[in-house]
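Here's the structure, in structure tokens; my notes come after.
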Amino acid sequence: MVVLSKPAMEQFCIVKNCKAPTLFSGVPLIDLSKPDSKHLLVKACQEFGFFKVINHGVPTEFISKLESEAIKFFSLPLSEKEKAGPPDPFGYGNKKIGRNGDIGWVEYILLTTNSEFNYQRFESIIGMSPEKLRGAVNDYISSVKKMACEILELMAEGLNIEENNVFSKLLMDEQSDSVFRLNHYPPYPDLQELNGRNLVGFGEHTDPQIISVLRSNNTSGLQIQLKDGSWISIPPDQTSFFVNVGDSMQVLTNGRFKSVKHRVLANSIKSRLSMIYFGGPPLSEKIAPVPSLMEGEDSLYKEFTWFEYKNSLYKSRLSDNRLDTFGEM
Ligand code: GA4
């Protein structure tokens, strides 16, 4: 079993064990094979900014191939894994998240999906083949991106936007600034120390991009925040995908769709492995509400490019409300 080195507990974020551990049974379920899914999708994005997808078309083989590469990597000694770090911004990271002092009970690999990531970092790591890893990541991402685009097209249809591919074109663009992340949350066995509270694996935040598509193994931990501020635990499901509305989508829909606040709590028994595709626009893209959604409405946001948003987000802490800076007064 791989454990992260024992931290000074005061560095970590610990949360009260409220009603959250009861698994929530009301996660909206979107069946991509059903023609009426666009209406349910819109409702889910307005209410939760979050839903679960079945009949997604991503081959199981791609998921298991990438999962086994990830398990192989995360099972290695820290000194080997560190050869693929630091995440500057891409590569292996351990506990430190971002640049401004956030930490979590997590280790991860962050990759870009457009420009060439230098897989040579994995060359000298025992038992890893950069080519095999690259192949597994590329097969997985191209299939998940296809599903994400299908979902984005359904969202646009559900919002009665006539313009074709208004959202999906942003991900299809060769310059799409998308990110891929493999997160490993080792079990945290020292529960007595926590007095029934929970150690935070990945602190609360919203995703800055347009859409995020997550697949995890069967270990719980993911929680989302409801509109009333309460946290609910999402039952894991390794055969489905979970989708988050990101900050950029909230802006594109002039606030109709909600960028969902979420976090991951460490598990005391099992490790959690998740793979997340963050679909972002090209850097030069203006992030502004779609004109046809603006009839009789003012924009809730100042105009900004994805490049400007990224610059500001890397100066922020994980839990900051990053869209605040861009809200119209
Ligand atoms: C959250 C979503 C993605 O995981 C991520 C994260 C990024 C990072 O890990 O480098 C950030 C975080 C995320 C938002 C605020 C900044 C940047 C950590 C952090 C404290 C890759 C992303 O795009 O934004």
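Throughout, read-outs are computed from the coordinates displayed, never taken from laboratory work. Just so we're clear, the structure is a prediction, and the values are computed from it rather than from any experiment. Neighbour counts run over all protein chains shown; Cβ positions are idealised from the backbone, glycine included.
What are the residues whose amide H is under 5 Å from the amide H of Asn114, where those residues sit 5 or more places off or on another chain and H is modelled from the backbone?
Ser178
Pull out a ≥ b ≥ c, the square roots of the eigenvalues of the alpha-carbon gyration tensor of the range 235-283, then state rounded if a/c is under 1.5, prolate if not and a/b is larger than b/c, and oblate in the remaining case.
Prolate, because a/c is 1.5 or more and a/b exceeds b/c.
Using modelled amide H (1.01 Å from N, peptide plane; none on Pro or chain starts), what sits under 5 Å from the amide H of Gly246, excluding residues fewer than 5 places away?
Those lying under 5 Å, H to H, from Gly246 are Ile211, Ser212.
Long-range amide H contacts for Arg272: which residues qualify at under 5 Å (H placed 1.01 Å from N, peptide plane, sequence gap of 5 or more or a different chain)?
Amide H neighbours of Arg272, under 5 Å, 5+ apart: Tyr185.
Of Lys72/Lys169; Lys34/Lys169; Lys52/Lys302; Lys169/Lys227; Lys95/Lys286, which sit over 27 Å apart, Cα to Cα?
Listed pairs above 27 Å: Lys72/Lys169; Lys52/Lys302; Lys169/Lys227; Lys95/Lys286.
Calculate for the chain the 222 nm mean residue ellipticity that helices alone would give, adding -39,500 (n - 2.57) per DSSP H run of length 4 or more and normalising by residue count, nearest 500 deg cm²/dmol.
Numbers: 7 runs with 78 residues, N = 329.
Roughly -7000 deg cm²/dmol at 222 nm, from the helical runs in the chain.
I need the phi-derived Karplus couplings for the range 81-96: 6.51 cos²θ - 1.76 cosθ + 1.60, θ = phi - 60°, integer Hz, Gly and Pro marked x.
Result, ordered by residue: 4, 5, 5, 9, x, x, x, 10, x, 10, x, 7, x, 9, 6, 7 Hz.
Output wanted: per-residue J couplings in Hz (rounded whole) for the range 256-261, from phi through Karplus 6.51 cos²θ - 1.76 cosθ + 1.60, θ = phi - 60°, x for Gly and Pro.
5, 8, 9, 6, 8, 7
Roughly how compact is the chain, stated as its Cα Rg over 2.2 N^0.38 Å to two decimals?
0.97
Taking the number of other C-beta atoms within 10 Å as the exposure measure, put Ile126, Ile63 in order starting with the fewest.
On the way: Ile126 10, Ile63 20.
Starting with the residue having the fewest Cβ neighbours, the order is Ile126, Ile63.
Quick one: order Met155, Met172 by neighbouring beta-carbon count within 10 Å, fewest to most.
Values: Met155 27, Met172 15.
Ranking Met155, Met172 by Cβ neighbours within 10 Å, fewest first, gives Met172, Met155.
So, R0 is 30 Å and r is the distance between the beta-carbons of Lys146 and Asp228; what FRET efficiency does that work out to, to 0.05?
On the way: r = 35 Å, r/R0 = 1.17.
That pair, Lys146 with Asp228, gives E of 0.30.
Show me, for the range 164-179, the HN-Hα J-couplings you get by feeding each phi into the Karplus relation (A = 6.51, B = -1.76, C = 1.60, θ = phi - 60°), rounded to Hz, glycine and proline as x.
5, 6, 4, 8, 5, 4, 5, 8, 6, 4, 4, 8, 3, 8, 9, 10
What are the GluC sites (Glu not before Pro) within the range 75-126 that DSSP puts in a loop, where the Cβ has at most 12 other Cβ atoms within 10 Å? Please list the in-between numbers first.
Working: sites: Glu80, Glu82, Glu107, Glu116, Glu123; in loops: Glu116, Glu123.
For GluC sites (Glu not before Pro) across the range 75-126 that sit outside H, G, I, E and B with at most 12 neighbouring Cβ atoms in 10 Å, the list reads Glu116.
May I have the convex hull volume per residue, in Å³, for the Cα set of the range 32-108?
On the way: hull volume 11.0 nm³, N = 77.
Per residue, the Cα convex hull of the range 32-108 comes to 143 Å³.
Which percent of Cα pairs goes in each bin when the distances of the range 73-139 are cut into 5 angstrom slices starting at zero?
It works out to 4, 17, 28, 26, 16, 9, 2, in whole percents.
Run the paramagnetic zone check for Glu193: 7 angstrom along Cα to Cβ, then residues of the range 263-284 with backbone nitrogen under 16 Å.
Answer for the range 263-284: 266-269.
Please identify the GluC sites (Glu not before Pro) of the range 258-329 that satisfy two criteria: DSSP loop assignment and at most 11 other Cβ atoms within 10 Å. Which are they? Spell out each step's value before the answer.
Details: sites: Glu285, Glu295, Glu297, Glu303, Glu308, Glu328; in loops: Glu285, Glu295, Glu297, Glu303, Glu328.
Here the GluC sites (Glu not before Pro) that fit, given the DSSP loop and packing criteria, are Glu295, Glu297, Glu328.
Near Lys258, which aspartates and glutamates are there with a Cα under 16 Å away, not counting those fewer than 8 places off in the same chain?
Output for Lys258: Glu47, Glu204, Asp207, Asp228, Asp247, Asp320, Asp324.
Based on alpha-carbon positions alone, could you give the equivalent ellipsoid semi-axes of the range 175-226 from the gyration tensor, as √(5λ), descending, whole Å?
Numbers: eigenvalues 152, 35, 20 Å².
For the range 175-226, the ellipsoid semi-axes come out as 28, 13, 10 Å.
Give me the number: length gained by fully extending Leu300 to Ile14, i.e. 0.36 nm times residue separation minus the C-alpha to C-alpha distance, one decimal in nm. All intermediate terms of the calculation are to be shown ahead of the outcome.
Numbers: separation 286, 0.36 × 286 = 102.96 nm, distance 3.42 nm.
That pair, Leu300 and Ile14, stretches by 99.5 nm at full extension.
For Asp36 paired with Glu123, estimate the spin-label separation in nm (one decimal), with each label point 7 Å from Cα along the Cα-to-Cβ line.
Result for the modelled spin labels: 5.7 nm.
Give or take rounding to whole Å, what are the principal axis extents of the alpha carbon atoms in the range 184-329, in descending order?
54, 31, 28
Specify whether the C-alpha gyration tensor of the range 103-191 places it in the rounded, prolate or oblate class, a ≥ b ≥ c being the square roots of the eigenvalues: rounded for a/c under 1.5, otherwise prolate if a/b is larger than b/c and oblate if not. Show your work: numbers first, answer last.
Values: a/c = 3.12, a/b = 1.65, b/c = 1.89.
Because a/c hits 1.5 or more and a/b fails to exceed b/c, the range 103-191 counts as oblate.
Which FRET efficiency, nearest 0.05, do Gln46 and Lys83 yield, Cβ-Cβ r, R0 35 Å? Show your work: numbers first, answer last.
Values: r = 45 Å, r/R0 = 1.29.
E(calc), rounded to 0.05, equals 0.20.
How big is the gap, in Å, between the Cα center of the range 27-68 and the Cα center of the range 270-308?
If we compute the Cα centre of each part, the gap is 20 Å.
For a test of the definition: using alpha carbon positions, the gyration tensor, and the 1.5 limit on a/c, classify the range 193-252 as rounded, prolate or oblate.
On the way: a/c = 2.22, a/b = 1.38, b/c = 1.61.
Here the range 193-252 falls in the oblate category.
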